[in-house]
Amino acid sequence: MPAKPGTALTFRGDELHNYGHAKLVVDRVALLDAKGLRLVDALLPTGHDFIGYDNHYPPTKTFRDAVGSAWEHRAPAVGATIAPQADTTAHTHNLVVAVRVTGDAKARMTGVIVDYPVGGTEYQWHNITSLVVETKKAQC
C-alpha cells in the first residue's frame, strides 16, 4: 500500500471468534513485528460486512457506506466482551486497526496480536495478514 510518512491507514485485522464456553474480554491489541508503523486505534464495528484496507483513517465515506451502520456502531476493541459463538461460520467481530506510518522507508508489520484472559488463563491470538507500506513511490 502506498502512503506518505505521517499518514494514518485503515487495516482490517481479521475476524475475532470465541469458540470457547466462556465470555472473553480483549486486554490488548498490538502490531506484530512492526517497523515504521504505530498502532493508532483498534475497533470492532458491528454487523456482518467487512471494512477492508483504506489509505485513510478514519476510512473514507466510500468504505464506511459499504458497511452500512456498522462503522457508526463501532466500539473500542480493548475492553470488548466477545460471547461464545455456537455457530463457527458466523463472523460478527471484524477487528479493524488504524496504523500511522512513522518511517520514511518501507514500513511493515507481520500481523496483529490480541491478548485476552479466559478463566484466569492468558491467551494470545495473532493473524498472519501482513502489511507493507511503500513510502517512496511516486503516487505517495
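General remarks:
- Figure legend. Inter-residue proximity from region 59-72: first residues over 16 Å from residue 97 (Cβ atoms), second residues modelled with pLDDT of 80 or more and acidic (Asp, Glu), beta-carbon distance below 6 Å, spacing 6+ or different chains. Indicated pairs: 60/54.
- Matching option when the condition is out of contact with any Pro (no Cβ under 9 Å at 6 or more places or on another chain) and either open to solvent by 50 Å² or more (accessible area, probe 1.4 Å) or modelled with pLDDT under 85 (or both), among 104, 65: 65
- Filtered by the rule that a residue be in contact with a His (Cβ under 7 Å, 6 or more places away or on another chain) and either closer than 13 Å to residue 98 by Cα or without any contact (Cβ under 8 Å) to a residue 40 or more places away in the chain (or both), region 10-39 gives a lone residue, 10.
- Of the residues making up region 43-71, just one is within 14 Å of residue 131 (Cβ to Cβ) and of a type in the set (Gly, Ala, Ser), namely 52.
- Of all the criteria given as (1) surrounded by 19 or more Cβ atoms within 10 Å (Cβ to Cβ); (2) at pLDDT 95 or above, the one not satisfied by residue 14 is (2).
The values are calculated or read from the model by the stated rules, or taken from the named source; none is laboratory data. Predicted, not measured: the structure shown is a model, and the values here were computed from it. Note: ideal-geometry Cβ built from the backbone for every residue, glycine included; neighbour counts use all protein chains shown. To get the accessible areas, we keep the full protein, side chains included, count just its heavy atoms, and leave off ligands, DNA and RNA. Shrake-Rupley method; radii C 1.70, N 1.55, O 1.52, S 1.80 Å.
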